[in-house]
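Just so it is clear, none of the values below were taken in a lab; they were calculated from the coordinates. Keep in mind that this is a model prediction, so the values were computed, not measured. A quick note on method: Cβ atoms are made from the backbone with ideal geometry, for glycine too, and the neighbour counts reach across all protein chains shown.
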Amino acid sequence: MSANYDVIIVGGGAIGAACARELASTGRKILILEAGGDAGQAWRAAAGMLAPQIEADASDQLLQLGLAGRDHYQQLALALSDGVNIDVGLWQEGIARVAASGPEAEELRARVTWQQDQGHGCFWLEAREVKQRWPWLGPTAGALWAPHDGALDPERLVCGLLADAQRMGATVVTNRAVSLEREGARVVGLSGEAGRYAAGNVVLAAGAWSGLLEGLPRAVPVRPVRGQMAALPWPPDIPRAIVYHKDCYLLARGGEAIIGSTMEEAGFRSEVTAAGLARIFAATTALCPGLIRAKVRRTWAGLRPMTPDGLPIIGREPLLEGLWYATGHGRNGILLAGITGVLVRQLLEREAPAVDLGAFAVDRF
């Protein structure tokens with residue numbers, strides 16, 4: 001094998017970069033193995049919403065992890081600004097989830113009530129209040145208002161995490177991981193298309209491609225789900241905002257209106273389709289009629305890593321010492337990236353994790 005490392009991170013996207021940064025902070029020798037290219041990575045297709053509350057109810061097993069993820073960005077954004085002078089564009093001015101009908105409003109009211117009962121900041125806005133706050137929206141039946149939710153810029157986040165990891169000594173290599181190297185019941189390294197690397201720990205953070213790594217002790221049920229998106233000019237006379245509906249969302253970033261998104265079973269095909277964009281435009285222009293004549297600036301798609309139950313896989317592999325999972329984050333990769341890095345560091349340091357990870361163990365499948 002080539003150089004020896006303490007930990008190899010398979011994947012240099014938002015999750016892998018966050019894990020690398022946290023582990024590099026402990027003085028470990030870290031290798032980030034990134035396949036390269038930009039086709040399909042989930043973080044490139046993310047809107048960057050930090051929105052754990054807009055879908056949360058009593059059945060939501062992700063809420064506590066999501067809240068921890070959202071709140072962690074306040075300190076992480078400052079650390080990246082101080083460490084590598086990268087502003088991740090964090091803003092937390094609230095997200096409105098609008099209801100388009102009476103039944104939707106009833107459902108959202110119940111979510112608001114449950115969240116308030118749990119002590120979370122969450123409010124119901126009547127239709128007239130929605131119209132007062134966002135007069136440019138189409139007709140609604142009211143909205144759930146999560147004042148602490150917000151967004152950041154995913155590209156800046158990944159650049160900042162990688163840069164800070166490298167500042168602390170991590171190495172980034174462009175090489176597609178092929179298989180785990182193991183001796184008996186423990187990891188000893190990893191083989192890639194362009195070389196082999198020795199390490200006592202491997203963190204699998206390869207997103208939708210995680211299940212393709214050879215030598216895993218079990219099938220990792222992570223599949224790609226395509227999400228298509230588009231960018232339009234943000235109307236200059238409208239204050240920035242994030243508005244979400246069950247069929248679409250609208251987010252202001254850098255003078256653009258980021259709109260999305262589809263959820264398509266398309267394998268590893270990350271192309272943009274006319275049918276997918278038509279669905280997005282139809283839903284978004286119903287939400288904001290003023291965008292109907294806006295000129296599309298760009299379109300793109302990414303592959304979200306989804307698990308059968310919609311929950312990520314975070315933690316150790318009980319059948320193979322030295323293998324750790326940080327994958328399957330689905331639509332919540334950006335929200336959960338920073339806190340996942342913290343949790344992986346805590347696990348490798350043999351500390352109690354900041355969040356109960358029982359629901360996210362790999363052996364639940």
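Compared with the rule-of-thumb size 2.2 N^0.38 Å for a compact globular protein, the stretch 221-365 has a Cα radius of gyration ratio of 1.27.
By the rule of a C-alpha distance below 27 Å, with chain neighbours fewer than 8 residues away ignored, the lysines paired with LYS131 are LYS246, LYS295. Per the Debye formula on identical point scatterers at the alpha carbon atoms of the chain, with no solvent, log10 I(q)/I(0) at q = 0.07, 0.10, 0.12 Å⁻¹ is -0.30, -0.61, -0.87. Based only on other Cβ atoms within 10 Å, what is the fewest-to-most ordering of ILE32, ILE292? So the ranking, lowest neighbour count to highest, is ILE292, ILE32. Other residues with beta-carbon under 10 Å from the beta-carbon of ARG218 carry, at +1 per Lys or Arg and -1 per Asp or Glu, a net charge of -2. For the chain, the 222 nm mean residue ellipticity estimated from helices alone, with every DSSP H stretch of n ≥ 4 adding -39500 (n - 2.57) and the total spread over all residues, rounds to -9000 deg cm²/dmol. Considering only Cα atoms, the convex hull volume of the stretch 81-226 works out to 211 Å³ per residue. Using alpha-carbon positions, what is the distance between the centroids of the stretch 90-158 and the stretch 218-252, in Å? So the two Cα centres are separated by 15 Å. Seen against the Cα atoms of the chain and their longest principal axis, helix 154-167 is set at about 30 degrees. The share of alpha-carbon pairs in the stretch 1-137 lying farther apart than 25 Å comes to 47%. Ranked by the mean number of other Cβ atoms within 10 Å per residue, highest first, peptides 269-275, 118-124, 147-153, 305-311 order as 147-153, 305-311, 118-124, 269-275. Legend: translational diffusion of the stretch 90-138 by Stokes-Einstein, Rh = Kirkwood radius over C-alpha pairs, 25 °C, 0.890 mPa s; D = 205 µm²/s. Calculated FRET efficiency, ALA194 to ARG109, Cβ-Cβ distance, R0 = 56 Å: about 0.50 to the nearest 0.05.
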